[in-house]
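Each value in this text was obtained by applying a stated rule to the coordinates, not by laboratory testing. Every value quoted in this text rests on a predicted model; they were computed, and no experiment measured them. Glycine also receives a Cβ, built like all others from the backbone with ideal geometry; neighbour counts cover every protein chain displayed.
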């Protein structure tokens, strides 16, 4: 069934709930949006039951995802996971420019034409305003400045990176212990998932969720959901770049000493390091900060209550396909 884009909580109760009670399962089609952030507390807690307890990946996805984590852990007890959005369609949609000359402009320009409603881009303005994803090298430089040295093991969750190995080479030089699902799993293991982008993204989601530190070069939906999940199940840091401030640092990096650069990166990233009490400008978004379900220190644990109540519910498996479109960033609720 289909629901209006601005369907309220009452709308779902009056339209969707009767169908759910009758059929026991409902698929909402053309659904690239979600409930508002401001809902009654009981509904917010219900969302936590669904997002963090009822929904689970199908067993084949879960099993391979867990194997990938185990294979990293055999090499290193701790690891960083980086969600790297640097695919051609993502860059084309952003309207950003990364110094590739006429070849880059032509290639990304052709891809950009498939979105008929996009306005003409202003790459310099987008970069200044922090709307451009950091390059793999920039993410690596940020992490090294934050104290993560060459010995750190890093898992990169991504699609096909624009520029391929040439684009990834600087990041690999900074962090030689570099893994992806393609290096950790065989072709035969990945074969059942390789034709489905959302299933591959689900494997990345599982590994990112289990990482000791999660890093992203973007502010998409998958990042927000992972940040909220990691916060809900006992805090694990999620680092996101302060792209607006880092832009000028990377631009002027050659005009300062290494120590000056490191000091300024740390100053820019203050408040963006995923500390437990950190609250950013968009953290009123429920999926990023599920505060209605997280009790303050000293109170009884809502999470335990939810966990006990969920034993009465049947797990639901999420295994749906979504378009490969950066405007509709895949929402994966484990």
(request) Can you pull the one-decimal nm distance between simple spin-label points at residue 270 and residue 23, each 7 Å off the Cα toward Cβ? (result) 5.4
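Could you calculate the FRET efficiency of residue 295 with residue 105 from 1/(1 + (r/R0)^6), where r is the beta carbon distance between them and R0 is 45 Å, rounded to 0.05? Kindly include the intermediate steps, with their values, before the conclusion.
Details: r = 52 Å, r/R0 = 1.15.
The value I calculate is 0.30.
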(request) Decide, for region 77-188, between rounded, prolate and oblate: order the square roots of the alpha carbon gyration tensor eigenvalues as a ≥ b ≥ c, take rounded if a/c falls under 1.5, and otherwise choose prolate if a/b is larger than b/c, else oblate. (result) prolate
(request) Return the distance in nm (one decimal) between the two label points of a simple spin-label model at residue 36 and residue 78, each offset 7 Å from Cα along Cα→Cβ. (result) 4.3
(request) Let me know the Rg and Dmax you get for the chain when you use only its Cα atoms, in Å. (result) 20.7, 67
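Among 47, 105, 85, which comes first, then next, by fewest other beta-carbon atoms within 10 Å? All intermediate terms of the calculation are to be shown ahead of the outcome.
Values: 47 18, 105 13, 85 23.
Ranking 47, 105, 85 by Cβ neighbours within 10 Å, fewest first, gives 105, 47, 85.
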(request) Please work out the FRET efficiency for the pair residue 9 and residue 277, using the Cβ-Cβ distance as r and a Förster radius of 22 Å; give the result to the nearest 0.05. (result) 0.15
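Rg to Rh for region 182-226: what is it, with Cα atoms only and Rh by Kirkwood?
Values: Rg = 11.8 Å, Rh = 11.7 Å.
Answer for region 182-226: 1.01.
Stick to the Cα atoms of region 1-144, pair each with every other, and give me the Kirkwood hydrodynamic radius in Å at one decimal. Show your work: numbers first, answer last.
Values: mean 1/r = 0.0497 Å⁻¹.
Across region 1-144, the inverse of the average 1/r is 20.1 Å.
How long are the semi-axes of the equivalent ellipsoid of region 122-258, taking √(5λ) for every eigenvalue λ of the Cα gyration tensor, in whole Å from largest down? Numbers along the way, then the final one.
Working: eigenvalues 135, 64, 54 Å².
Working through the eigenvalues yields semi-axes of 26, 18, 16 Å.
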(request) Measure off 7 Å from each Cα along the Cα-to-Cβ vector at residue 16 and residue 258, then give the distance between these two points in nanometres to one decimal. (result) 5.3
(request) Quick one: grab the alpha carbon gyration tensor of region 42-114, order the square roots of its eigenvalues as a ≥ b ≥ c, and give me rounded if a/c is under 1.5, else prolate or oblate depending on whether a/b is larger than b/c. (result) oblate
(message) I need the peptides 221-230, 62-71, 236-245 ranked by packing, meaning the mean over residues of other C-beta atoms within 10 angstrom, with the highest value on top.
(response) 221-230, 236-245, 62-71
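Tell me, what is the percent relative contact order of the chain, built from C-alpha pairs under 8 Å that lie six or more residues apart? Please report the intermediate quantities before stating the final value.
Working: 427 pairs, mean separation 85.5, N = 334.
Here the relative contact order equals 26 percent.
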(message) Which residues does the label zone of residue 160 cover in region 75-95, counting backbone N under 11 Å from a point 7 Å along Cα→Cβ?
(response) 88-89
(request) Take the Cβ-Cβ distance between residue 194 and residue 62 as r, set R0 to 22 Å, and report the resulting FRET efficiency rounded to the nearest 0.05. (result) 0.80
(message) Using 10 Å bins from zero, what percent of all Cα-Cα pairs in region 194-269 falls into each bin?
(response) 17, 37, 27, 17, 3
(message) With a 10 Å cut-off between alpha carbons and a GNM built on the chain, which of 13, 294, 80 moves the most?
(response) 13
(request) Go ahead and estimate [θ] at 222 nm for the chain from helices alone: -39,500 (n - 2.57) per DSSP H run with n ≥ 4, summed, over the residue count, rounded to 500. (result) -12000 deg cm²/dmol
